[in-house]
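Data first, discussion second: the structure below is written as structure tokens.
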Amino acid sequence: MSTQILGIDLGTTNSLVAICDERGPRVLRDEDGHALVPSVVRFGTRGEVVAVGREALAHAVEFPRETVYSAKRLVGRSATEIGEVAARLPYRVVPGPRGIAAIEVPTSAGSALVTPQEVAAHVLARLKTIAERELQHGVSKAVITVPAYFDDGQRQATRDAARLAGLEAVRIVNEPTAASLAYGLGRPASRGPRKAERIAVYDFGGGTFDISILEISSDESAAGGDLFQVLATAGDTALGGDDIDRAIIDLVMREIRETFGAALDFPPSARQALRQFAEGAKVALSERETTTLEVGLGTGRTYRRTLTRADLEALAAPFVERTLVSCRRALADSGCNVESIDRVVLVGGSTRMPIVRREVERVFGKVPYTALNPDEVVALGAAVQAAILAGDRRDLLLFDVLPLSLGIETVGGAVAKLLMRNATVPARAKEMFSTSVDGQTNVKIHVMQGERELVQHCRSLGQFELRGIPPMPAGIPQVEVEFLVDQNGVLDVSAVERRSGRRASIQVVPSYGLTRDEVDRIEAESFRHAREDMHVHRVIDLRVNAALDLKWIETALARVRGELPAATVAEVEARMDEVRSFLAAADRDAASVDANCFHQAKDALDRASVPVHEKAIAQSLRS
Ligand code: ADP
Ligand code: MG
């Protein structure tokens, strides 16, 4: 194995470290399971570092002048250049060596000067520690990402920061390029020459917004590599999720004043709480439709209000609109029209907001890539670049055919396959499903990968819910599920309920987390268990159908019992009991049920119940 090279996203708000091994790229986590390290450092009375990351962030409001965040905005820039940015930061920004912006932190002896790259170095050192703890060996090299618009000085400052942290920055990569690599865009040309592709990378983070238009072409001179060319960038270094948090805070403060009078004084700890709280509400509304805001104001007074997603979207809309203006400008600058953009990639935590996804899709006229975690995608791509540089094989990401079948979970824990193993990529398949319970308004779509017949023997790729189906009897809703794997191996699963038009979808990268060896093992197992699996699948299908039959017959029998000869009723009931005992056995252990006997019992019930149905039909015709 070659030396491991880390992939690092050194962000304005948050930073992460990832690696790429034979399972594909993955982020590394600290001992508490956190992948995101807030890019925040607090300095002590001697100018020493007292906290980095989450811990430093937690007390930022209490130590406004000692806690440095957003230092990336200052990296490699002159103090005069960033006057406006500096004015909004609670710590002091002063001209440092050669007029470059530096930070003056208070100490017991007066003050100490810290450069932005020193701050970055402390964050990088934390990431290095996280990586070494998880990998259980030392690492000394990293690929580090920077915004596409960073100039040479800023790139050099980033290298310096790495060096201070004991890391060699083997390559500085543009963030949008890294995000594209994470999606397998612009991979080494194993499939022969590909046409140039145009990618829009929309990156909406905590404090900055960037849009980049890239062109990827195969580059013969670069030994099978691809050439990523930045055609245009645009954005706003003072626009991000923080603005939306602030809009929520402003709303809350205004309403508190209106309700409780103007004379409320917010101590710093309350302001900090309010900030976390506003962000929490915003994040919650990416998943839910409503959330409750509650702020204790002391002396028994509490401010409480429901915030809906619509409320939040009204607050966020002006900021989202500003990102769209930049998108249009970048398109114009790149000389591309919207139709010539092949892919749109979403980056940054703020792109989890439904309003952002909707608007980006509207402006670019295509569904953006969302399979990967938007706040992890840059680090994952940096790790992919690191693996390429280390010479690690990447054939895992290079499937021309589906290595394993893809499908969804159906009733009873069986797997319905929509796309079969070895299907050539791109691939598409559609299938109709329905509900299994009367009045069911939500359907869970559980996306599975593997060759076996049962959920427990396949790999779960993700799940989502189709909500808001109007209540109907079981089997009536028509849920069309579509699988689409594009040429980059990204799977898009969407579900639409035909009558109501309700839809929901998910994206995943099925090849991640899977090694060649595992693919082989899964294939071998499917052969070994083929017979037993088929049997279990058949029992499950019988179970589902028999349960539906029983339900019908029970209802009909209740209505017409009095009109039937006692012997017929007794016969039907005996057959029903027999089927019920098969159902119970199938629930206990489907593998041990004799499918043929089960089938015969079900047939016998169907035959015996013919008079019941006839009477029931005659009765409904009469009434
Ligand atoms: P940066 O690139 O600036 O370091 P990130 O990509 O980590 O920033 O994004 C941080 C921002 O994303 C924060 O404003 C945070 O509140 C926001 N964010 C994270 N998760 C969500 C979510 N589920 N819904 C809405 N916003 C989110
Ligand atoms: Mg970022």
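Here's the yes/no breakdown for (1) at positive phi; (2) over 18 Å from the mean Cα position of the chain (by Cα); (3) among the aliphatic types (A, V, I, L, M); (4) buried (at least 18 other Cβ atoms within 10 Å of the Cβ):
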residue: G468; (1), (2), (3), (4): yes, yes, no, no
residue: G475; (1), (2), (3), (4): yes, yes, no, no
residue: S494; (1), (2), (3), (4): no, no, no, yes
residue: T515; (1), (2), (3), (4): no, yes, no, no
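Taking (1) polar (S, T, N, Q); (2) at pLDDT 90 or above; (3) within 16 Å of ligand 2 (Cβ to nearest atom) in turn, T237 satisfies each apart from (2). Tell me whether the stretch 143-152 contains one or more residues that are free of Cβ contacts under 8 Å to residues at least 40 places away in the same chain, under 28 Å from L74 (Cα atoms), over 27 Å from the mean Cα position of the chain (by Cα) and buried (at least 18 other Cβ atoms within 10 Å of the Cβ). Taking every residue of the stretch 143-152 in turn, none turns out to be free of Cβ contacts under 8 Å to residues at least 40 places away in the same chain, under 28 Å from L74 (Cα atoms), over 27 Å from the mean Cα position of the chain (by Cα) and buried (at least 18 other Cβ atoms within 10 Å of the Cβ).
The number of residues in the stretch 371-382 being within 19 Å of G207 (Cβ to Cβ) and either in contact with a Pro (Cβ under 8 Å, 6 or more places away or on another chain) or part of a helix (DSSP H, G or I) (or both) comes to 3.
For E22, indicate whether it is more than 23 Å from D243 (Cβ to Cβ), more than 16 Å from ligand 1 (Cβ to nearest atom) and modelled with pLDDT under 90. Walk me through how you get there before you give the answer.
Details: more than 23 Å from D243 (Cβ to Cβ): yes; more than 16 Å from ligand 1 (Cβ to nearest atom): yes; modelled with pLDDT under 90: yes.
Taking the combined requirement at face value, the residue satisfies it.
Within the stretch 1-23, how many residues turn out to be of a type in the set (V, I, T) and within 15 Å of D210 (Cβ to Cβ)? Walk me through how you get there before you give the answer.
Here is the first cut: in the stretch 1-23, the residues of a type in the set (V, I, T) are 3, 5, 8, 12-13, 17, 19.
Checking which are within 15 Å of D210 (Cβ to Cβ) leaves us with 12-13.
Total meeting the criteria: 2.
Taking the residues in the stretch 171-186 that are farther than 13 Å from P147 by Cβ and either touching a strand residue (DSSP E or B) at 6+ places or on another chain (Cβ under 7 Å) or at pLDDT 90 or above (or both) as candidates, determine which candidate is farthest from ligand 1 (Cβ to nearest atom). Spell out the reasoning first.
Here is the first cut: in the stretch 171-186, the ones farther than 13 Å from P147 by Cβ are 171, 180-186.
Subset that is either touching a strand residue (DSSP E or B) at 6+ places or on another chain (Cβ under 7 Å) or at pLDDT 90 or above (or both): 171, 180-183, 185-186.
On the way: R171: 19, S180: 16, L181: 17, A182: 14, Y183: 16, L185: 19, G186: 21 Å.
Only one residue tops the list, namely G186.
Within the stretch 561-575, residues that are part of a helix (DSSP H, G or I) have Cβ atoms under 7 Å from residues that are hydroxyl-bearing (S, T, Y) in these pairs: V572/S609, counting only partners at least 6 apart in sequence or on another chain.
Need at least 3 residues that are more than 12 Å from ligand 1 (Cβ to nearest atom) and more than 30 Å from P38 (Cβ to Cβ) per element, so show me which helices (runs of 4 or more DSSP H) inside the stretch 252-370 make the cut, counting only ones lying wholly within it.
Values: elements: 268-284, 309-334, 354-364.
Passing ranges, in order: 309-334, 354-364.
Go over the candidates V50, V94, V27 one by one and state the one that is touching a residue at least 24 places away in the same chain (Cβ under 8 Å) and either in the same structural domain as A371 (by TED's automatic domain parsing) or more than 16 Å from ligand 2 (Cβ to nearest atom) (or both). First the steps, then the outcome.
Details: V50 fails: touching a residue at least 24 places away in the same chain (Cβ under 8 Å); V94 fails: touching a residue at least 24 places away in the same chain (Cβ under 8 Å).
Selected residue: V27, the only one of V50, V94, V27 that is touching a residue at least 24 places away in the same chain (Cβ under 8 Å) and either in the same structural domain as A371 (by TED's automatic domain parsing) or more than 16 Å from ligand 2 (Cβ to nearest atom) (or both).
For every residue, the table says whether it meets (1) loosely packed, with under 14 Cβ neighbours inside 10 Å; (2) away from ligand 2 (no atom under 16 Å from the Cβ); (3) within 26 Å of L10 (Cα to Cα).
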position: T323; (1), (2), (3): no, no, yes
position: A332; (1), (2), (3): yes, yes, no
position: G348; (1), (2), (3): no, no, yes
position: V356; (1), (2), (3): no, no, yes
position: K366; (1), (2), (3): no, yes, no
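When residues in the stretch 609-623 are screened for being assigned to a helix (DSSP H, G or I) and in contact (Cβ under 8 Å) with a residue 40 or more places away in the chain, 6 of them pass. Being free of Cβ contacts under 8 Å to residues at least 60 places away in the same chain, more than 21 Å from S505 (Cβ to Cβ) and hydrophobic (A, V, I, L, M, F, W, C) is a condition met by at least one residue of the stretch 398-410.
The values are calculated or read from the model by the stated rules, or taken from the named source; none is laboratory data. Quantities reported herein were computed from a predicted structural model and do not represent experimental measurements. We place every Cβ from the backbone using ideal geometry, glycine too, and count neighbours over all the protein chains shown.
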